[in-house]
Amino acid sequence: MEKSKFKWLAYLFIMGFIVSACGDNSKQQSKGAFGDQDVASQVYVSPGEYDEFYAFMSGGFSGQVSVYGLPSGRLFKVIPVFSVDAEKAYGFNEETKPMLNTSLGFIPWDDSHHPELSQTNGVPDGRWLFINGNNTPRVARIDLTTFETAEILEIPNSGGNHSSPFITENSEYLVAGTRFSVPIPQKDVSIKSYKENFKGSLSYIKIADDGEMSVAFQILVPGYDYDLAHSGKGKSHGWTFFTTYNTEESNTLLEIGASQRDKDYIAAVNWKKAEEYIAAGKAKTMPANYAHNTYDEHSHMAKSEMLKEVKVLIPQECPGLIYYLPTPKSPHGVDVDPSGEYIVGNGKLSSDLTVHSFSKMLKAIENDDFDDEVDGIPVINFESVVAGSVKSTGLGPLHTEFDGKGNAYTTFFISSEVIKWKIGTWEVLDRVPSYYSVGHLMIPGGDSKAPFGKYLVSLNKITKDRFLPTGPELTQSAQLFDITGDKMKLLLDFPTIGEPHYAQAIPADIIMKNSVKYYKLDENKHPHKITSEDEAKVVRKGNVVRVYMSSIRSHFAPDNIEGVKVGDKVYFHLTNLEQDWDVPHGFAVMGARTSEILVMPGQTETLVWEPQNPGVYPFYCTDFCSALHQEMQGYIRVSPKNSKVELKWSVGEFDE
Amino acid sequence: MISNLLVKENRSRLFMLLASLMLMGLFLFPLWKIRLEAAQYPNGVNMYIWINKITGDTPSTLQNINILNHYIGMQYIKPDSIPELKYFPFVVIIMSLLGIVVAFSKKRKLFITWGIILLVLGILGIYDFYLWEYDYGHNLSPNAPIKIPGMVYQPPLLGSKMLLNFNAISLPHTGSLFLGFAMVFNFLSFTLLWKKK
C-alpha cells in the first residue's frame, strides 16, 4: 500500500515535470521537439497534395500580386499587374503594353497595396481579385479563371489611391479614396495654399456583371488624407467608412504637422443616398482624362481608351450623403465586424482601439447630434457614436480582422504584435509577438460577413534575423498562425515578394475548379493568329515585316526566314498551336531590345524586333517545352538596307 | 409484363428484334478504349474508337497523341484517312435492318445465319483493328528523332504494354458490350426461346 502510494507520487512528479517543460517550450515559440513536430504537421502539405487556401498577397512596391498556398506558404505564381514583367512579357509584348497606359502615357511600375476579392452576399466568391495602384491612381481587376490581369482603370481627380479597392457586399462598387489631396482639377498653385486649393475625392467604381469597372461617381471632400476604407455589411450595407489623417491640412513635415489633433475622422458615406442624388440629377459632370484598359482573353490583346468626363457630387449640395465620426489619433485601418454593427478605428498613434457603433451612428444622425460641420459635412458627437474601446492593448494599432466567432485580431506595428480581443466586451484575450513590425493581417474571409477563419497571417515589414541574410536588402515576410484554439499559435514564417502589404485568402475549392487549362485555338480572335502550320507566312508592307509563326513540339514554323533588311520593323506574331495543359512555348531572338514572349497554348503574342546589322540571327524557344526543346530553334537572315534578297520562309526543307 | 411477353409465342422474335436494336448502341458508345499512362499525364490520355469515329477526352486529345507520336515517327492518326470508319456504320445499319426482317421470318435457319454473319463481321472488325494497330506501330518514319533499334510501338489488342515511357492499355468499351448483347440475344432467340413445334 505504502509502496504504491510512493509510485503514484513519483509518477505525478515526473508528469508534472514534463507538462511544465512543455509549457515553457510553447512560451518560447515552440523550440521543443514535441512542439515543432506538432506545428510541422500543421503546415506540411504532402508532395502532390493541395493547400487548403489560396492566398493572394500584394507585392507592395513590386506592383504585382503573388499567389501562395496556405498553410504551406508555397509560392505558386506572381501575377503581373502594375509593373512590367520581362518573364511573362507583360508590358513588353505588343498585346499587353496598353494595359499600362495612363493619362500620362505608359507607366511601367506602381505600388500595389490591397487585394480585394469580389463578394456575393458579403462572402468572397472567387470571381475576381481587385487591387489598387497607389502612385498613379489606378485599380486593377484580375480574372481568377486565368490568374491574369484583365482590366486597369485609372482614377481621375486623385493623388495616391490608397483607400482602395474595398468592395461592397454584392460587388456593387469598390471604392478609391485619395490618400494625397491635390488641387481638383489640377492647377499650378502654391503648395502653401493647401487649405484653400487642395481637395480629396472618394470615387465609387461600379462593377458590371462581367466584372468591367467604370467610375460611377466621385464625392469631392475636404483636403485630408483618406487612408483606408471598408464597406458596411448586413445592417450597414449601403455605407462605406473611410479613415482620415491630416485633418490638420498640413502640407509639410506631416509626421509632426498631421499628428497635432487629438482626433481625426472616419468619414461615413451613404452610397445608396449618392445613387438617389445621381438619379435626381444632382451630379455635376466634370471634364477629366483617364485611361480604361481592358484585356480580351479571346483576342489575347489589351486595348486602352481615354475617358473624358466624370460625375461629381458635392457634400454641401447633398445633405445626408456623408458624416464625420471623430476617431482618436490619426486612424489607419477601418474595419467593420461581420455583423456590420461595429466600426473599428485603428488609431495608429494610440494604444487604444476605438470602436464605433453603426446603430448609435444612425441614432445620432436622426437626433442631429452634431458637434461641428466641415464643408457641409456634419461631425457627429464622439460620445454619441462610440461603442467602446479596447484598452492598453499595445502601441500603434493598424488593422483588424475577424474570425466569425466573436473575436477580433488587431496588429500593432510599434509594439510588433497581434492582439486578440472580444467584440462587445472589448477585453484582450491573447497576444503574440510578430517578427517584426506587422502591418496588415489577414484571416481567410476575415473582412467579410462570414470569415472562413482557421488561420491568421501577419504581414511583416521587417525581418532582420529571421532568415539567412542576403546583404543589406532583406525579404519581408508573412507569418502564419493557427487561430482555432483560445490562444494563437505561430506555425510558419515565409518570405514574400516585394512588400506583402495586404492579402486575402479563399478556400481553394472555390477557385481551382474554374481554373482555365489552356486557351482554345478555335476561340482565338487575335488579328495576326494562325491556326495551323500551313498558314505560316511572312508578309512585307513597306519596312514592316510580319512573321505569322506557329510553335508546336518541337519546332517553329517558319524556322528559316530570309529577305529581312536593316531598318525593317519585324513583328513576330507567334501562335502556340498546342491544345494541352501546361505546354507553353517561349520565343526570343538575338538582339531584340525587349523581353522574350511566353505564349500559352492557343494564345498569340507579338515580339517586335528591329535588326540593326546585317547577319544571320538565331531565335529559339525559351521554355523547356519538350524532349527536343533544345532543337526548337531557327534563323533569320538580315541583309543590308538596299539588298535584293527576296523574302522567303520555310520549315523542314532538307537539302537533297 | 415482361414475363408475360416471354411466355408468348413471339418471344424468340422479340429477342431477335432486341438483338438488332442492340447494334444501334454502337452509335452511342465507343467500341474500344486505348489509354496511355505516363508521369506527365496524371489523368492519362484516353482515345476512344467508335464504329464511325475516333475521339479523346477533349477535342484536342488526338492532336496531343499525334504530337507525342511524331517523336517516334508514327504516322498521324487521322480519322478521315481511315475508310473503315466511313463504311462500317453502313454495315451495322444494314445488319440491324436485316435483323428486323429476320425477326419476322419463320425460319430458324435465318436467325442462325444472321448470328453467324454478325460473329464473322465482329471477328473481321477486330482483325482490321489489329492490322491498323500493326501499321501504326511498325510503319515508322526513317527520319524519326527517337529511333530505338528493334522497338515497335504497336499497342496491344487487349491488355497493357509498355511503349517507352507510356503504358498503353487497350480494352473493349461499352459499344462492345452492346455488340455482345446483340450476339447473346440472337443466340437465345434460336435456342432456348425458340418455340418448339
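Ranked by the mean number of other Cβ atoms within 10 Å of their residues, highest first, the peptides A:416-423, B:160-167 fall in the order A:416-423, B:160-167.
Given a Förster distance of 22 Å, report the FRET efficiency between A:K422 and A:N121 from their Cβ-Cβ distance, rounded to the nearest 0.05. So the FRET efficiency works out to roughly 0.30.
In this rough spin-label picture, where each label sits 7 Å from Cα along the Cβ direction, the A:E631-A:I414 distance is 6.8 nm.
The protection proxy used here, the mean number of other Cβ atoms lying within 10 Å of each residue, ranks peptides B:112-120, A:557-565 as follows, highest first: A:557-565, B:112-120. Amide H contacts of A:R138 (H built 1.01 Å from N, in plane; Pro and chain starts excluded): A:G133, A:I155, A:N161 sit under 5 Å, all sequence-distant by 5 or more or on other chains.
Coupling constants for the range A:141-155 follow from the phi torsions by the Karplus curve (6.51 cos²θ - 1.76 cosθ + 1.60, θ = phi - 60°), and in residue order they are 10, 10, 7, 8, 8, 10, 6, 10, 6, 9, 6, 9, 10, 7, 9 Hz; glycine and proline get x.
For chain A, place one equal point scatterer on every Cα, skip the solvent, and apply the Debye formula. What is log10 of I(q)/I(0) at q = 0.08, 0.12 Å⁻¹? So the normalised log intensities work out to -0.67, -1.21. Note on the range B:106-197: Kirkwood hydrodynamic radius from all Cα pairs is 16.4 Å, rounded to one decimal.
Placing unit charges on each Cβ (+1 for Lys and Arg, -1 for Asp and Glu) gives the protein assembly as shown a dipole about its Cα centre, and among B:A38, A:L628, B:F15 the Cα reaching farthest toward its positive end belongs to B:F15. Here the Debye sum runs over all C-alpha atoms of the range A:589-656 as equal scatterers in vacuum, and log10 of I(q)/I(0) at q = 0.13, 0.15, 0.23 Å⁻¹ comes out as -0.49, -0.65, -1.25. Largest first, the three principal axis extents of the alpha carbons in the range A:528-650 are 45, 24, 22 Å in whole numbers.
Couplings 3J(HN,Hα) for the range B:137-146, derived from phi with the Karplus relation 6.51 cos²θ - 1.76 cosθ + 1.60 (θ = phi - 60°), are x, 10, 7, 9, 5, x, 9, 4, x, 9 Hz, where x marks Gly and Pro. Candidate cross-link partners of A:K391 among the lysines, defined by an alpha-carbon separation under 17 Å and a same-chain spacing of 8 or more, comprise A:K263, A:K329, A:K348, A:K420, A:K422. Inter-chain Cβ neighbour count for B:55-64, averaged per residue, equals 4 (cutoff 10 Å, partner chain atoms only).
Listed from fewest to most Cβ neighbours within 10 Å, the set A:E653, A:E596, A:E275, A:E605 follows the order A:E653, A:E275, A:E596, A:E605. Taking Lys and Arg as +1 and Asp and Glu as -1, the other residues whose beta-carbon sits under 13 Å from that of A:L220 total +2. Modelled spin-label separation between A:E535 and A:T252, with each label point placed 7 Å from Cα along the Cα-to-Cβ direction: 6.4 nm. Counting only the Cα atoms, chain B fills a convex hull of 134 Å³ per residue.
Bridgeable aspartates and glutamates around A:K529 (alpha carbons under 15 Å apart, same-chain partners fewer than 8 residues away excluded): A:E94, A:E95, A:D296, A:E297, A:E578, A:E605. Take the Cβ-Cβ distance between A:S193 and A:Y44 as r, set R0 to 60 Å, and report the resulting FRET efficiency rounded to the nearest 0.05. Between A:S193 and A:Y44 the formula returns 0.50. The magnitude of the dipole of the range A:528-650, with charges of +1 and -1 set on the Cβ of Lys/Arg and Asp/Glu and taken from the Cα centre, is near 820 debye. For B:Y87 and A:V616, the FRET efficiency from 1/(1 + (r/R0)^6), where r spans their Cβ atoms and R0 equals 60 Å, is about 0.70. Here the simple spin-label model places points 7 Å from the Cα toward Cβ, and for A:D210 and B:Q154 these points are separated by 5.5 nm. I need the P(r) histogram for the range B:36-110: all alpha carbon pairs, bin width 10 Å from 0 out to the longest distance, whole percents. Calculated P(r), rounded to whole percents: 16, 32, 22, 15, 11, 3.
Considering the range A:425-514 at the alpha-carbon level, its Rg and Dmax are found to be 14.6, 46 Å.
Placing unit charges on the Cβ atoms of the charged side chains and taking the dipole of the protein assembly as shown about its Cα centre, the candidate lying farthest along the positive direction among B:Y71, A:S62, A:I597 is B:Y71.
Dipole magnitude for chain A: computed about the Cα centre from +1 point charges on Lys and Arg Cβ and -1 point charges on Asp and Glu Cβ, it is near 720 debye. Principal axis analysis of the Cα atoms in the range B:157-197 yields extents of 62, 13, 8 Å, listed in decreasing size.
The phi-based Karplus calculation (6.51 cos²θ - 1.76 cosθ + 1.60; θ = phi - 60°) puts the 3J(HN,Hα) values of the range A:205-219 at 9, 6, 10, 6, 4, 8, x, 5, 9, 8, 6, 6, 6, 10, 10 Hz, whole numbers, x for Gly and Pro.
Excluding residues fewer than 8 places away in the same chain, name every one of the lysines whose C-alpha is closer than 25 Å to that of A:K641. Straight-line reach from A:K641, under 25 Å: A:K537, A:K541, A:K565, A:K569. A simple charge model with +1 on the Cβ of Lys and Arg, -1 on the Cβ of Asp and Glu and nothing else charged puts the dipole of chain B at about 1220 debye relative to its Cα centre.
Long hydrophobic helices in chain A: the complete DSSP H runs spanning 30 Å or more by Cα along their own axis with mean Kyte-Doolittle hydropathy of at least -0.5 are A:2-27. A helix-only calculation puts the protein assembly as shown at -6000 deg cm²/dmol for mean residue ellipticity at 222 nm, using -39500 (n - 2.57) for each DSSP H run of at least four residues, averaged over all residues. A cut-off of 5 Å between modelled amide H atoms, ignoring neighbours fewer than 5 places along the same chain, links A:G445 with A:F452, A:A505. Projecting the Cα atoms of A:N289, A:V564, A:P71 onto the dipole axis of chain A, where Lys and Arg carry +1 and Asp and Glu carry -1 at the beta carbon, places A:P71 farthest toward the positive end.
Taken together, the values in this text are just the output of simple stated rules run on the coordinates, not laboratory data. Just so you know, these numbers come straight off a predicted model, no measurement behind them. FYI the Cβ positions are ideal-geometry reconstructions off the backbone, even for glycines, and counts take in every protein chain you see.
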